[in-house]
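In what follows, a structure is listed as structure tokens, so that the remarks can point back to it.
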């Protein structure tokens, strides 16, 4: 997704490991000692909101369930997770029934059900695995990609070149193969038969100008983007350099849209050494407004496809 070299991110690469440790590379499995995932934080925030709407204090809930106030507080602040059984007790106390109850209870399932990404545990850092898990659940995504083609839309050869370059020679061919395999597997999200997410990307023209690999690699990448743009669930727009200054000069971001109306959007932002989820309403609104400006400034979807066709023709003739 972005250009970074020190840690793995959804669009670019995996960790920068000191040369002396190359043969020992292995990513630690996810554990309860790391920072809470976005799923746990969002569930915790929803439980706190449900309690407040039920006009119950922490003490009220503790008295009803025979729990300590500290336990409830730790759940609501995402310090600890919650079992399906305890979650059911809380929802009973808050009078949550029907479809909303089913949706909330389903959020504990992912902690017990392995995903395809777990097969790559040695190669996938825990924060990247968490992101893939979130990505698999999305109803939609709106992205601005400033430097590279989005990871969900890269060809295998393009992805290989990006991953190899970002590893700075510290990764073996086998490691690079596995990383490319992860990225290609992620792309099944956009083409799955059942409820593929809505995907809207505004792609900055400079991201299409970098010669990644060879003219042949780039021509194939342009063709892949045109094929993706033909899908009903995908909108692609190119933001030309002639558009001038815009609200997202700080870089790439992705607005994550969740399936349940009760789940607010979140924004995923990356840097070279870290990633973060923006979850405050006022900040999410700012990113959404920026995206609206970007899509208004960009070429139309039809003109963007024409741009890609011309770019492919030009690079092959060069």
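Determine which single condition residue 45 fails, assuming it passes every other condition in (1) modelled with pLDDT under 85; (2) touching a helix residue (DSSP H, G or I) at 6+ places or on another chain (Cβ under 7 Å); (3) part of a helix (DSSP H, G or I). Failed condition: (2).
Does residue 203 satisfy the criteria of being in the same structural domain as residue 306 (by TED's automatic domain parsing), crowded, with 18+ Cβ neighbours inside 10 Å, closer than 21 Å to residue 302 by Cβ and more than 17 Å from the chain's Cα centre (by Cα)? Please lay out each step first, then the result.
Numbers: in the same structural domain as residue 306 (by TED's automatic domain parsing): yes; crowded, with 18+ Cβ neighbours inside 10 Å: yes; closer than 21 Å to residue 302 by Cβ: yes; more than 17 Å from the chain's Cα centre (by Cα): no.
Spelling it out, it is not the case that residue 203 is in the same structural domain as residue 306 (by TED's automatic domain parsing), crowded, with 18+ Cβ neighbours inside 10 Å, closer than 21 Å to residue 302 by Cβ and more than 17 Å from the chain's Cα centre (by Cα).
With respect to the conditions (1) more than 28 Å from residue 194 (Cβ to Cβ); (2) outside any loop (DSSP other than H, G, I, E, B), residue 228 falls short on a single one, namely (1). When every residue of the stretch 233-245 is checked against the conditions, at least one turns out to be within 19 Å of residue 151 (Cα to Cα) and not in a strand (DSSP E or B).
Kindly indicate whether residue 120 is within 20 Å of residue 267 (Cα to Cα), surrounded by 14 or more Cβ atoms within 10 Å (Cβ to Cβ) and touching a residue at least 60 places away in the same chain (Cβ under 8 Å). So residue 120 does not fit the description; no. Among the residues of the stretch 293-302, those that are surrounded by 13 or more Cβ atoms within 10 Å (Cβ to Cβ) and without any contact (Cβ under 8 Å) to a residue 60 or more places away in the chain comprise 293, 297. For residue 256, the stated conditions do not hold, so it cannot be described as touching a residue at least 40 places away in the same chain (Cβ under 8 Å), surrounded by fewer than 14 Cβ atoms within 10 Å (Cβ to Cβ) and not assigned by TED's automatic domain parsing to the domain that holds residue 107. For the stretch 123-132, the set of residues classified as part of a helix (DSSP H, G or I) and either in contact with a strand residue (DSSP E or B) (Cβ under 9 Å, 6 or more places away or on another chain) or buried (at least 19 other Cβ atoms within 10 Å of the Cβ) (or both) consists of 127, 128, 129, 130, 131, 132, listed by residue number.
Just to be sure, is residue 289 part of a helix (DSSP H, G or I) and within 19 Å of residue 248 (Cβ to Cβ)? So residue 289 passes the test. Residues that are outside the structural domain of residue 288 (by TED's automatic domain parsing), part of a loop (DSSP other than H, G, I, E, B) and at pLDDT below 90 within the stretch 149-200 comprise 168, 169, 170, 171, 172, listed in sequence order. When you check residue 263 against the structure, is it outside any loop (DSSP other than H, G, I, E, B), surrounded by 14 or more Cβ atoms within 10 Å (Cβ to Cβ) and modelled with pLDDT under 95, yes or no? So residue 263 does not fit the description; no.
The values are calculated or read from the model by the stated rules, or taken from the named source; none is laboratory data. Just so it is clear, the structure is predicted and the values come from calculations on it, not from any experiment. Neighbour counts run over all protein chains shown; Cβ positions are idealised from the backbone, glycine included.
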